[in-house]
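Computed from the coordinates by the stated procedures, all read-outs in this text should not be read as laboratory data. Only a predicted model underlies this, so the values are computations on that prediction, with no experimental measurement involved. Backbone-built Cβ (ideal geometry, glycine too); neighbour counts: all protein chains shown.
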Amino acid sequence: MRIAWTALSLLLLTAPAIAQDASSSALPSAFSGSAPSSSLEPASSNGAPAPAGLSDADLELAVRAAYAAALDFAAAHDNYFARDGVVEPLRAAVAQALASTYPSVVVPDAAVDGDAAKACLAMPGTALRVASNVFGDGLWLTAVTDTRLFSYTYDPHKSAEVVVQAATACSR
């Protein structure tokens, strides 16, 4: 199973498919030779995060980074994302991994999955919702703003594939 995680991790982290933001045809700076400005950068020199939500491409990059952190966490915990329904250590690992690179992304304390994970934020901003299945070997990561969402879902009891939901409108 560890080999499958490694292969899946490498495949997802090196795959060239990037969701395109409707307002831009350029690839995010992490995947191109140029360095266009990113909405992930703080709005001011004091490190305060920008109040607006992220672009579609930035949502995907944040979810990819969260997924990489979740894979690292599972690899260190016998290939489980959570044990006995306790998601907090996974959530904390994901939040810590995102803190320096994506400071404007909030990782809520409560695990949220299903339709609740697809609910829009009440105000501009970005949240990354983390949840695991009842067995602890499945994972839901959903980045959501006040208008858009992007998610990765992995449940080995349903499919060996990670289901990627490209950026779409979130539910009101």
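With contacts taken as Cα pairs under 8 Å and at least 6 residues apart, segment 49-172 reaches a relative contact order of 26 percent. The slack in the chain from residue 76 to residue 120, taken as 0.36 nm per residue of separation less the alpha-carbon distance, amounts to 12.6 nm. For residue 113, no residue has an amide H sitting under 5 Å from its own, ignoring neighbours fewer than 5 places away on the same chain, with H placed 1.01 Å from N. Charge tally for residue 82 (other residues, Cβ to Cβ under 10 Å; Lys, Arg +1; Asp, Glu -1): -1. Our coupling estimate for segment 104-114, obtained by passing each phi through the Karplus curve with A = 6.51, B = -1.76, C = 1.60 and θ = phi - 60°, is 7, 8, 8, 10, x, 5, 7, 6, 9, 9, x Hz, Gly and Pro reported as x. Applying 1/(1 + (r/R0)^6) with R0 = 41 Å to the Cβ-Cβ distance of residue 109 and residue 160 gives a FRET efficiency near 0.85.
Listed by Cβ neighbour count within 10 Å, with the fewest neighbours leading, 91, 172 appear as 172, 91.
Distances between placed amide hydrogens fall under 5 Å for residue 147 paired with 121, all partners being 5 or more residues away or on another chain.
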